[in-house]
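One structure is given below, encoded as structure tokens.
What follows is calculated from the coordinates using simple rules that are stated; it is not laboratory data. Every value quoted in this text rests on a predicted model; they were computed, and no experiment measured them. Counting neighbours? That spans all protein chains shown, and the Cβs are built from the backbone with ideal geometry, glycine included.
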Amino acid sequence: MRYLSFALAAALACAPLSAADDKSKTAERLDDAAELFSEVMSAPDRSIPQELLDRSQCMVLVPGMKKAAFVVGAKYGRGFAICRHENGQGWGPPAAVRIEGGGFGLQIGVSATDVVLLVMNARGMKRLTTSKFTLGGDASVAAGPVGRNASAQTDALMTAEILSWSRSRGLFAGVSLEGATLRNDLDENQVMYGQPWTSKQILGSGAKPPAAAGKLLTTLNKYSSRKTS
């Protein structure tokens, strides 16, 4: 009984430390997402076209998506989905997501890859609020163009629900992520909001963003302060 009491006391003592550690890691991932977007948009002639950014309804940022060693096709990453407010002015609270699998074309063999997705219409946003969906299966996806003045008028870009880019070793380019699965990250949402909320419960809900998301929201608003029709 004495040993059981000691073990219980030790577990209770470690719990606050574990919660603080989780919050620290989440805050770091949010800052990494902000840094990723800032670096992409500030790169001369290799950024996401402003026209597409202004038309997008939501965005997914996955900094440092990993490729598991010795396992073909085993790729995973943790990031955040975020949607505009209904009036198009500013961005709402972030929802944590996980992305798994998918082909990366020329990115094969790279140990870590940043991923950026733009959700371009209401159909894509609806997919984003489900518990899980597959790019190229449940939602149409196309490799996005790069360059501030790149044309966005091709059929693929005009009809795709989601446009995708990746960055590795400094190279930022459009990439097809067909076959990748995007799902809710309830554990991360628990850390951010104190509840294991789903993406549907967070995106567009008007929930108060966590303080740790301040840098990310400021960065998004800096480069896309106004949504065009």
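A few notes on this one:
- Taking Cα centre as origin and charging only the Cβ of basic (Lys, Arg, +1) and acidic (Asp, Glu, -1) residues, the dipole magnitude of the stretch 17-223 rounds to 140 debye.
- Compared with the direct C-alpha span, the chain from His85 to Gln190 gains 35.6 nm at full extension, assuming 0.36 nm per residue.
- Measuring r between the beta carbons of Lys25 and Ala173 and using R0 = 25 Å, the FRET efficiency lands at 0.30.
- For the stretch 130-212, trypsin sites (Lys or Arg not before Pro) meeting the loop criterion (DSSP other than H, G, I, E, B) and having at most 15 other Cβ atoms within 10 Å: Arg148, Arg169.
- Cβ-Cβ FRET estimate between Ser131 and Asn221, R0 fixed at 30 Å, reported to 0.05: 0.60
- The local environment of Thr26, defined by Cβ-Cβ distances under 11 Å, has a net charge of -4 under the rule Lys, Arg +1 and Asp, Glu -1.
- Nearby aspartates and glutamates by direct alpha-carbon distance to Lys25 (threshold 16 angstrom, same-chain neighbours under 8 apart not counted): Glu35, Asp185, Asp187, Glu188
- Residues whose placed amide H lies under 5 Å from that of Ser47, excluding near-sequence neighbours: Gly147, Arg148
- For the stretch 17-223: rounded, prolate or oblate by the Cα gyration tensor [a/c cutoff 1.5]: rounded
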